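**Q** One structure follows; several queries about it will come next.
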Amino acid sequence: MIDRQHMLDTAVLAAREAGTFLWESVGRVKSIEQKLGEFRNLVSEIDKQSEAMVIAAIRGRYPDHDILAEESGGHGKGSDYRWIIDPLDGTTNFLHGVPIFCVTIGIEERGEMVAGVTYDPNHDELFTAEQGAGAFLNGRRLAVTKAAAMTESLVVTGFPYDLADHPDRPLLHFDHFARAAQGIRRLGSAALDLAYVAAGRFDAYWEVSLSPWDMAAGIVIVKEAGGMVTDFTGGPVNIYRKHVLATNGRIHDQCLAILGQGSVETTG
Ligand code: IPD
Ligand code: CA
Ligand code: CA
């Protein structure tokens, strides 16, 4: 079996290098394209260059491992290990100069997420976790909050690019959570949303229509900080199945109940 700590160290080096590149590239973007003709779903040459840096760093040490990366897709080698990469999570923020974006890398071993790294170059915050060994922010151990009621909880979500037409009605969920929680936020980086739940900055995060690379690292980081991560029915989370609910554990059932609610009655 390959040393997980060594893999994690590799992911940290790659995330730091690419994250620093992102930070230096703010305001210097030359080419912005729309993915699938969708005006909200953007990609720049910086996303692609960051991804090339991360892949080169991993390939240098683990040439036989599988890679799944947002911009270049799957590179299958039939390995037990798959590195799942979002080279720039928070592209819209990045393109607008909003300092909320990161590089995030998850490591899957025989179909199970076992380690993850999320690096925020704007705040020089490095979130790391390895299964069974805890979650850390710049080397300091993380723990989720102890909030037990929605009224004392700060929650966060993100919206899919097709939010108005989405069958899961994310705006309805937003409405329900906004009524129940102490506060609600939308940062624009799923990986940082998850890292912030682990760090005790948020009590809960949910989102529909995610891609595997948005949550691969984050779900390990939340679990290792003592949090709970499931799908919207309370079943095991699957990074290939789009939905995620991540909480401090104590308010998990309350969040599941909110996600199961029908439409809100409106009065005059
Ligand atoms: C997006 C961000 C955003 C989330 C979207 C993601 P990208 O990733 O994580 O917070 O709401 O669903 O697609 O496109 O910036 O890598
Ligand atoms: Ca993303
Ligand atoms: Ca991305």
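The values are calculated or read from the model by the stated rules, or taken from the named source; none is laboratory data. The shown structure was predicted, so the numbers you read here are calculated from the model rather than taken from an experiment. Virtual Cβ from ideal backbone geometry, glycine too; neighbours counted across all protein chains shown.
A quick yes/no check of all residues on (1) crowded, with 17+ Cβ neighbours inside 10 Å; (2) under 13 Å from residue 215 (Cα atoms); (3) in contact with a Leu (Cβ under 9 Å, 6 or more places away or on another chain):
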{"site": "72", "(1), (2), (3)": "no, no, no"}
{"site": "78", "(1), (2), (3)": "no, no, no"}
{"site": "85", "(1), (2), (3)": "yes, yes, yes"}
{"site": "108", "(1), (2), (3)": "yes, yes, yes"}
{"site": "117", "(1), (2), (3)": "yes, yes, yes"}
{"site": "120", "(1), (2), (3)": "yes, no, yes"}
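**Q** OK, next. For the subset of the stretch 72-86 comprising residues that are part of a loop (DSSP other than H, G, I, E, B) and at pLDDT below 95, which member is farthest from residue 34 (Cα to Cα)?
**A** Among them, the one singled out is 78.
**Q** Within the stretch 182-198, take every residue that is in a helix (DSSP H, G or I), of a type in the set (Gly, Ala, Ser) and more than 19 Å from residue 40 (Cβ to Cβ) and give me the one that is nearest to ligand 2 (Cβ to nearest atom).
**A** Top of the filtered list is 195.
**Q** For the stretch 138-169, name all the residues that are hydrophobic (A, V, I, L, M, F, W, C) and surrounded by fewer than 19 Cβ atoms within 10 Å (Cβ to Cβ).
**A** Matches in the stretch 138-169: 143, 148, 149, 154, 159, 163, 164.
**Q** Between a first residue in the stretch 138-159 that is outside the structural domain of residue 209 (by TED's automatic domain parsing) and among the hydrophobic types (A, V, I, L, M, F, W, C) and a second residue that is at pLDDT below 95 and crowded, with 19+ Cβ neighbours inside 10 Å, which pairs have beta carbons less than 6 Å apart while being 6 or more apart in sequence or on different chains?
**A** Pairs that qualify, where the first residue is outside the structural domain of residue 209 (by TED's automatic domain parsing) and among the hydrophobic types (A, V, I, L, M, F, W, C) and the partner is at pLDDT below 95 and crowded, with 19+ Cβ neighbours inside 10 Å: there are none.
**Q** Quick check on the stretch 148-167. Is at least one of its residues within 18 Å of the chain's Cα centre (by Cα) and hydroxyl-bearing (Ser, Thr, Tyr)?
**A** Within the stretch 148-167, one or more residues are within 18 Å of the chain's Cα centre (by Cα) and hydroxyl-bearing (Ser, Thr, Tyr).
**Q** Which of the residues that make up the stretch 180-211 are surrounded by fewer than 22 Cβ atoms within 10 Å (Cβ to Cβ) and among the charged types (D, E, K, R)?
**A** Once the filter is applied, which keeps residues that are surrounded by fewer than 22 Cβ atoms within 10 Å (Cβ to Cβ) and among the charged types (D, E, K, R), the stretch 180-211 yields 185, 186, 201.
**Q** Here's something else I'd like to know. Note down all Cβ pairs under 6 Å where the first residue falls in the stretch 68-91 and is closer than 25 Å to residue 120 by Cα and not assigned by TED's automatic domain parsing to the domain that holds residue 15, the second is among the aliphatic types (A, V, I, L, M) and within 16 Å of ligand 1 (Cβ to nearest atom), and they're at least six residues apart or on different chains.
**A** Short answer, once both residue conditions are applied: none.
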